[in-house]
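The values are calculated or read from the model by the stated rules, or taken from the named source; none is laboratory data. Everything quoted here is computed from the prediction, not taken from an experiment. Cβ coordinates were reconstructed from backbone atoms using ideal geometry, including for glycine residues, and neighbour counts include every protein chain displayed. We work out accessible area using only protein heavy atoms, side chains counted, and drop any ligands, DNA or RNA first. Shrake-Rupley method; radii C 1.70, N 1.55, O 1.52, S 1.80 Å.
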Amino acid sequence: MIWRIQFPVETRPAGRLPLETWNLKLETDAVHGHRNIFNLALIGFMGTGKTSVGRLVADQLHFDYLDTDDVIQGRTGRIIADIFSTDGEAAFRKMERDLVGELAARTKTVIATGGGLPADPENLASLKTHALVVCLWASPEKIWERVKNQTHRPLLQDVDPQQTIRELLAAREPFYRQADVLLNTELRSVREVAQQTVHQFRLEAYRGR
Ligand code: S3P
């Protein structure tokens with residue numbers, strides 16, 4: 001598998017992707033038609049817009065929409081924060097892993113994933129067996145701006161959520177970078193990001209068919 005990245009990695013500030021970035025991933029085996037692309041998976045940190053973008057993209061592609069957090073909440077009858085506080089994060093991650101395994105049976109589905117899901121390499125590898133994986137990116141500052149008034153994310157309910165965002169994002173960046181397509185959401189509206197996602201999907205999933 002060859003990853004070609006369009007921007008000069010060595011000149012970017014640590015932990016940041018350049019603002020001008022639209023589509024960093026140029027050459028993947030998905031592009032060359034060696035992968036089965038039945039679905040579109042959106043990965044990315046909390047607050048990057050996976051849910052709102054995912055719903056629009058599903059509408060435009062006439063795909064089903066599935067959110068891994070919603071499925072887990074629906075199945076357990078509990079909210080994510082409660083699962084974290086009662087059973088612990090490890091139990092939640094196991095639920096995510098089990099669900100990711102089931103997703104391989106889906107077709108024509110836009111899958112919006114929880115922000116930590118692709119930090120397990122097996123989850124990412126599994127998604128790539130059936131989906132084009134698109135990562136939505138934003139800087140820690142932008143993410144904070146978007147999530148600071150929300151209270152439903154257990155990982156951000158600590159004394160210094162901004163620092164948590166910086167640390168978690170830095171730790172996860174290597175995983176997010178393994179997406180087939182990496183889209184910067186910072187200066188784009190949800191609609192624009194959705195349009196670009198649909199464009200990339202059509203370009204890459206239907207290539208060579
Ligand atoms: C998490 C992100 C959340 C949810 C859970 C853990 C994370 O999903 O899965 O709170 O580890 O980043 P969103 O990215 O949809 O907020």
Give, as residue ranges, the helices (runs of 4 or more DSSP H) completely inside the range 61-166 that count at least 1 residues that are without any contact (Cβ under 8 Å) to a residue 60 or more places away in the chain and within 24 Å of residue 189 (Cα to Cα).
-> 68-76, 140-147
Residue 204 vs (1) open to solvent by less than 20 Å² (accessible area, probe 1.4 Å); (2) of a type outside the set (Phe, Trp, Tyr); (3) under 18 Å from residue 42 (Cα atoms); (4) modelled with pLDDT of 95 or more: all pass except (4)
Does residue 162 satisfy the condition of being modelled with pLDDT under 90 and either away from the ligand (no atom under 13 Å from the Cβ) or not hydrophobic (A, V, I, L, M, F, W, C) (or both)?
-> no
What number of residues in the range 179-194 are open to solvent by 40 Å² or more (accessible area, probe 1.4 Å), away from the ligand (no atom under 16 Å from the Cβ) and either touching a helix residue (DSSP H, G or I) at 6+ places or on another chain (Cβ under 8 Å) or free of Cβ contacts under 8 Å to residues at least 40 places away in the same chain (or both)?
-> 4
Given the conditions (1) modelled with pLDDT of 95 or more; (2) surrounded by fewer than 19 Cβ atoms within 10 Å (Cβ to Cβ), every one holds for residue 176 apart from (2)
Flag if residue 57 is part of a helix (DSSP H, G or I), crowded, with 20+ Cβ neighbours inside 10 Å and hydrophobic (A, V, I, L, M, F, W, C) | yes
Within the range 135-159, restricting to residues that are basic (Lys, Arg) and out of contact with any Asp or Glu (no Cβ under 7 Å at 6 or more places or on another chain), the one that is surrounded by the fewest Cβ atoms within 10 Å (Cβ to Cβ) is 148
Condition met for residue 127 (within 26 Å of residue 183 (Cβ to Cβ), within 10 Å of the ligand (Cβ to nearest atom) and open to solvent by less than 10 Å² (accessible area, probe 1.4 Å)) | no
Before we move on, is residue 35 surrounded by fewer than 21 Cβ atoms within 10 Å (Cβ to Cβ) and within 15 Å of the ligand (Cβ to nearest atom)?
-> no
Selection over the range 54-72 where residues are more than 15 Å from the ligand (Cβ to nearest atom) and either more than 16 Å from residue 199 (Cβ to Cβ) or among the aromatic types (Phe, Trp, Tyr) (or both) yields a count of 2
Check 132, 103 and return the single one that is touching an Asp or Glu at 6+ places or on another chain (Cβ under 6 Å), open to solvent by less than 60 Å² (accessible area, probe 1.4 Å) and more than 14 Å from the ligand (Cβ to nearest atom).
-> 132
Among the listed residues 122, 89, which satisfies the condition of being exposed (fewer than 14 other Cβ atoms within 10 Å of the Cβ) and within 14 Å of the ligand (Cβ to nearest atom)?
-> 89
